[in-house]
Every structure is written in C-alpha cells, then in structure tokens.
1. Taking the Cα centre of region 467-544 as the origin and placing charges on Cβ (Lys, Arg +1; Asp, Glu -1), which of P487, F518, V539 is farthest toward the positive end of the dipole?
2. C470's amide H: which non-local residues (gap 5+, or another chain) put their own amide H closer than 5 Å, with H modeled 1.01 Å from N in plane and none for Pro or chain starts?
3. Can you compute the radius of gyration and Dmax for region 204-335, using only the Cα atoms, both in Å?
4. Output needed: Cys residues of the chain lacking any neighbouring Cys C-beta below 4.7 Å, sorted by number.
5. Among D561, D496, which comes first, then next, by fewest other beta-carbon atoms within 10 Å?
6. Under 5 Å between amide hydrogens, which residues at least 5 positions from A381 or on another chain qualify, with H placed 1.01 Å from N in the peptide plane?
7. To make sure I understand, if each residue's beta carbon is the centre and we count other beta carbons within 10 Å, what order do V40, V243, V505 fall in, fewest to most?
8. Can you find, among Q43, H343, W271, the residue farthest towards the positive end of the dipole of the chain? Put +1 on the C-beta of Lys and Arg, -1 on that of Asp and Glu.
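Just so it is clear, none of the values below were taken in a lab; they were calculated from the coordinates. On a predicted model such as this, the values are computed, not experimentally measured, just so you know. Backbone-built Cβ (ideal geometry, glycine too); neighbour counts: all protein chains shown.
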Amino acid sequence: MAQVTLPDGSRLEIADGTTVKQLAQQIGPGLAKAAVAANVNGQVVDLSTSLNGETTVQIITPKDDEGLEIMRHSCAHVMAEAICSIWPETKLVYGPTVEDGFYYDVDLDETIRPTDFEHIEQKMREIVGADRAFVRKEMTKAEALAKLAGDKYKTDNISHAEGDVISFYSHGDGFEDLCRGPHVPSAGRIGSFKIMSVAGAYWHGDPTQKMLQRVYGTCWPTKKELDDYLYRLEEAKKRDHRVLGKQLDLFSFNEAGPGFAFMHAKGMIIWNAIVEFWRRVHDKYGYREIQTPIILNEELWHKSGHWDNYKENMYFTSFDDAGYAIKPMNCPGGCLVYKSRQHSYREFPMRVAELGLVHRHEASGVMHGLFRVRQFTQDDAHIFCTPDQIEREIVGVIELTFEIYRAFGFEDFRIELSTKPEKHIGSDEIWETATRSLEDALAHKQIDYKINAGDGAFYGPKIDFHIRDCLKRSWQLGTIQLDFSMPERFGLVYTDKDNTEKTPVMIHRAVLGSFERFIGILIEHYGGNFPLWLSPEQVRILPISEKSNDYAGVVEGKLKDAHLRCGCDCSDEKINAKIAKAHSDKLPFMLVVGPKEAASGTVNVRIRGIKENKTVNIDEFLRIAAQKISDKEINLAFGD
Ligand SMILES: [Zn+2]
Ligand SMILES: [Zn+2]
C-alpha cells in the first residue's frame, strides 16, 4: 500500500501504483475534473504519474499559479503543432511561459504576420477540440541526441538539460516535442487562448545567429478570464502614463537629458502632496530627515563596496585633480552623517530618512517613461540599531509601509524575501543571522512570503514589497535590506551599556522606491483621475455666462481662503464647452454657477465619474472637500 498525505494533513491509503489521476477521482469527481497536474513530494508531475510508498500529494488545478503555467505551456505545444502543420518546414526552438502567457521561438524563413494569427488559432482550436492525450516518453540523453541528430536547436536544448533522462511529449497526429513537462492530461483541457504578437529574437540572444520569430500567445482557464485580460491590456494602453503625462501637462522628457525627467508645475503638485504625506507618516514613526550631497569623493565608493560591485551603473566626474562619483545610493552619505559625532546605545533605534536624488546608468534601450529613468528621488531611510532591536524595527517598517500603500488605495500586497547572491560581501554567518531576522519579523506579522534564492543585494538579504494596481499588474516598490557589512567598512560604532564600543546594525529601506516611478504607477492606476488630495487642480468654477463672473469670483475667493487648488474658467466659451474642457482635464469637481446659484449662495457641483449633479451651499461644499482631502478619500461621491 502507498501512504498519501494531502495538503490539509489528512492521510489516505491507496494501492501501490495508483496514478495521481485515480487518487484525484477518489478524493472527489470535481477535483478530478479540474486537475491538470500534481505536486508529489515537492515535484510537479503529470496526472499519469503513479504513486508508491510514502508521499505527499497536492493536486494542481488551473486556479493555482503552477496549474495555470502548465496549461499555458501545453498551449504553447499546441501552437507549435499548429504552426508546423501550416508551415511544415518550421524548426522549433524553445517555448517557455512568461507572465500572462507563453511564446515559442521558431526558425522559419517565411514571415509570420498578424494576418496569419486567425489561421493559426483555427488550427489550434481543431487540435484542442480533438482532445488527444499528452503522452510522455523518456529516454537517455545519448538516445535523445541520436534521435534529434541534425536539429541544432533541439540538440542544444538536450545538452543544456540536467540529468540523463530526457523526456518527449506528444499530443497529436505524430506531433512530438522535446520537453521536461509536465502537461495537462489532454489538449481539451486547454482553456481560452489568443495569439498576441510576433517579434524577431536571436537564438540565445546572440546577434551573430540567425534571427528567429518569437510568437507570443496568452491562455486563460475561461473565455471570461481571457476577455478580462484583453480588456486590461486595452485599458493599460489608454492609461499609458507617457500619454497622460503629456495630456495633463505633468512631466516631459527631452533629448537633452535621455532618461532624466522634467517635472512640470502640475506634476510637482502631485509630488509635493506625496512628500508632505510621506513626511507626516515618517514623523509619526519616529524618523528624522537628513540630506546628503550628490557628488562624493571616489575613495568613499571604494570603501562602501560600490566601486567593486556597482561601478557599471555609476556616473563619474573629476575636479581639483581628484575623482568623484555621482551617488547611485544614499547609504555612504548616511554613514558619514552618523560618523559626525559619537553615539550611545540610548539613542537606538535611530531612524534617519532622506529623500535622496540618485543617478544610476541604465542602457538606453530599457528606459520607459517614468518607469525606468537614470535620475530619481529615492524615499530612503537608514535605521541604526542593536542586533536585538532588528525584529522590532523590521515590524515597524512593515507597518509604516502598509500604511503608506493603503493611503493610495493599494490593498493587494505581496512580499518576497531575497537571499545571498553569488556576488556578495560579508561572512556566511552574518548572512544567516540577517536572513533569520527578516524571517522572524515576517513570522511575527503573520505575513506570507515567497523566497527568491540568490536575489539579495550584495551587502545583505532583503524583503521586497510588491503591490498590484487596478489592472492587476504587479509592481515592486519598497524594500528592506539588512546590512551588517557597511557599518564595519565605515568604522561606525556606538557605546554600549558595558561602556565598550560596538558596531551597529544598519537597515536600509525605501517604501515608494523611486518618486518618479511611483508617480508613473499612480497615473496609470488612477488613469489620470487622481483622488482629490493629489489632484493638481481640485476644483474649477464655471460661470454659465459672463453675467455670473462676479459671483464666480466670490466663490473662487472662498475656495482659495480654504486652500483648495482651484481655477475659474471665465472664457467666452459656451458652458458646455467649458464643461467638456474640465472633463478632459480630469477635474474632480466642477462648480457651475449662474444667477440662481448667485441668488442662493450655492454651487452646482459636477462630480467626476458621477452623472447626478448636486446643488449645495458653498460652505457645505468646502466642508465636504476638506473632509475628503484630510481622509485621502478616493471616492468623490457626496454622502447623503
Ligand atoms: Zn514543453
Ligand atoms: Zn542605504
């Protein structure tokens, strides 16, 4: 008999050799129907795998990330078969999954055009409709190399494979592909798919090799999920921050400074509103703020380790016969401030924040509006503390981070813990202690996280914060990095209780990451429809004709006294044209005023995104607006 432990801890006895599929049927017909693969003893395998001895089994469905990936990869095989059936001379190269879909690189002299997509999809639908089983076949590396001799792409894939067992999967009329698997049990289990695009790609990214064609597709469990995804893509295009940034006059780029953003007056209003909020929250959490120079002597960067580990991304300059670097990070400057006087354990934890302007060289090809720039303001901070204060400090940073994200309407967070990379400084012991402290803090807050092995900073392990925007796109924003190395390199010390000098622990952290990038994310998240507290122009007064301009002036005066950012459209345009203009400027509130409003001391409020207008007293409007600003409310509707 085989002993199976399920994810809920329950145990089952089954006959040796029972397949995972049969096990799923035993658990329940619903699960068997949804199952696409299984995790057996930590390895993802096909449903046809048989179970023996002591095993832990988790049935995987397309609702799981792994299941979705398996379905998408199976869809890539189906697309490969469809392409080969249309163009039999196609040579298949490599077909992995990517976020939201998959691609397949093919070597084909004839160009695949978007007008061919429908034909390929039609073939794919036929293959899926035939619902043939995915069948795995195994052989040794030598056998596989012999079988595919002459196919330079597949023999290359085989030579890169780990272990000596090479597997092939077939699912159709003689169609077979080299593949590690696993796959869905049969082609009919593939959900709704669409071919998205085709682009040129070099084999192994090597421009001396032949240009291949990379065909991208997407695949979702249901038609509705596919449609939702396509809608989100369309919506993301409409919300492109580069387009909205221009339309709303928030920022620009100029060839005089590639990768360096010019923030315009309206963009700076958003910027300053974020800074003001950021300062208030940091004050509440016991931070002090400093500012350190942008240009610092080369020696300093040797000492910090940046010279050896980060030089390719740095800008340099020289004067007075000495070399200098433009700071890519704020930490060394922070260390110099720390060193400017003596410290006692009584001052710890010492939380020091800096809105630091940093420069990092990015290749010109990777820049993308505000998302990837060469100069940005980092909302940085360094916490100096004793080892036994680490966990409490990390917990504090997590709380502050969540508070800030929530204020912008982000509720969907994900956390990743990155461990020791190949290129690093500091001993293994230091790395272990640091990593454990981060794990303990996450456990304390009962936060689920994913581990990214080998992805830490060169000076310590880190926690990364990811948020999801309203289009379900994931963005990495904040980071917490523990550092036992830099304080030593800089000779930082404090006097401990026993009067001896000790080295403090340094925690680097950022919440928003880059201000520029964060503003780009906000523009797309809100689609330019900023909440009241962030709107560059919060209210516009629209007199219905010249006769009401005087009353409009009175209203504007009251709004200005109440510190609302407002304007008055006293142009000769018709009222409908004024409304249309304010609408395209994405004004949260328009106050339409005419003789009736003037006589009663009221305003007729048009609220962005809401059909129904409201007529209220000016004072009542001011009260509601002030409340929405102080609550950072995203919803503009008036409560009744
Ligand atoms: Zn495959
Ligand atoms: Zn730092």
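1. Working it through, the farthest residue towards the positive pole turns out to be V539.
2. Amide H neighbours of C470, under 5 Å, 5+ apart: none.
3. That works out to 22.7, 67 Å for Rg and Dmax.
4. So far as the 4.7 Å Cβ criterion goes, C84, C179, C331, C335, C385, C470, C566, C568, C570 stand without a partner in the chain.
5. Numbers: D561 9, D496 14.
If I rank by nearby Cβ atoms, fewest first, I get D561, D496.
6. E354, R509
7. Working: V40 20, V243 14, V505 25.
Exposure proxy ranking, most exposed first: V243, V40, V505.
8. Of the options given, the answer is W271.
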